[in-house]
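The values are calculated or read from the model by the stated rules, or taken from the named source; none is laboratory data. Computed from a predicted structure; not experimentally measured. For neighbour counting, all protein chains shown are included, and Cβ atoms are generated from backbone atoms with ideal geometry for every residue, glycine included. Calculation scope for accessible area: heavy atoms of the full protein, side chains included, ligands and nucleic acids excluded. Shrake-Rupley method; radii C 1.70, N 1.55, O 1.52, S 1.80 Å.
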Amino acid sequence: MAKKQSASSARVAPAARKRRPTPDSEIDFSDIPEMTDEELARARRVSGPGRPQSGNVKHMIAIRIAPDVLFKLRQMAAKRGKPYQTFIHDMLERATKREK
């Protein structure tokens, strides 16, 4: 029996990384309509890459949590209708306020 061919992206990824970025001078923009003055007036600048900045800045971290604890935290968050990461943040925030 022949081995099934996989369409895994893992095999495609190395080839994609080797590809050089296409410079703007080689891109055909002719099929993209120009923006009108009205569209340009409505445009807003977004600061930096990613999400627009808000007053509630948080740092992304990585921690290891036992699978059964994470499962329980996700269940607890779902009961309260919150995303589990927000729920964990709220729990940690309450715990730190109690310590003061």
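One residue stands out among those in region 63-83 that are β-branched (Val, Ile, Thr) and exposed (fewer than 10 other Cβ atoms within 10 Å of the Cβ): the one that is farthest from the chain's Cα centre (by Cα), which is 69.
Residue pairs whose Cβ atoms lie under 6 Å apart, sitting 6 or more positions apart in sequence or on different chains, and linking a residue in region 70-85 that is within 21 Å of residue 58 (Cα to Cα) and assigned to a helix (DSSP H, G or I) to a partner that is open to solvent by 80 Å² or more (accessible area, probe 1.4 Å) and not aliphatic (A, V, I, L, M), are 84/74. Is it the case that region 25-34 has a residue that's at pLDDT below 90, surrounded by 10 or more Cβ atoms within 10 Å (Cβ to Cβ) and not aromatic (Phe, Trp, Tyr)? Within region 25-34, not a single residue is at pLDDT below 90, surrounded by 10 or more Cβ atoms within 10 Å (Cβ to Cβ) and not aromatic (Phe, Trp, Tyr).
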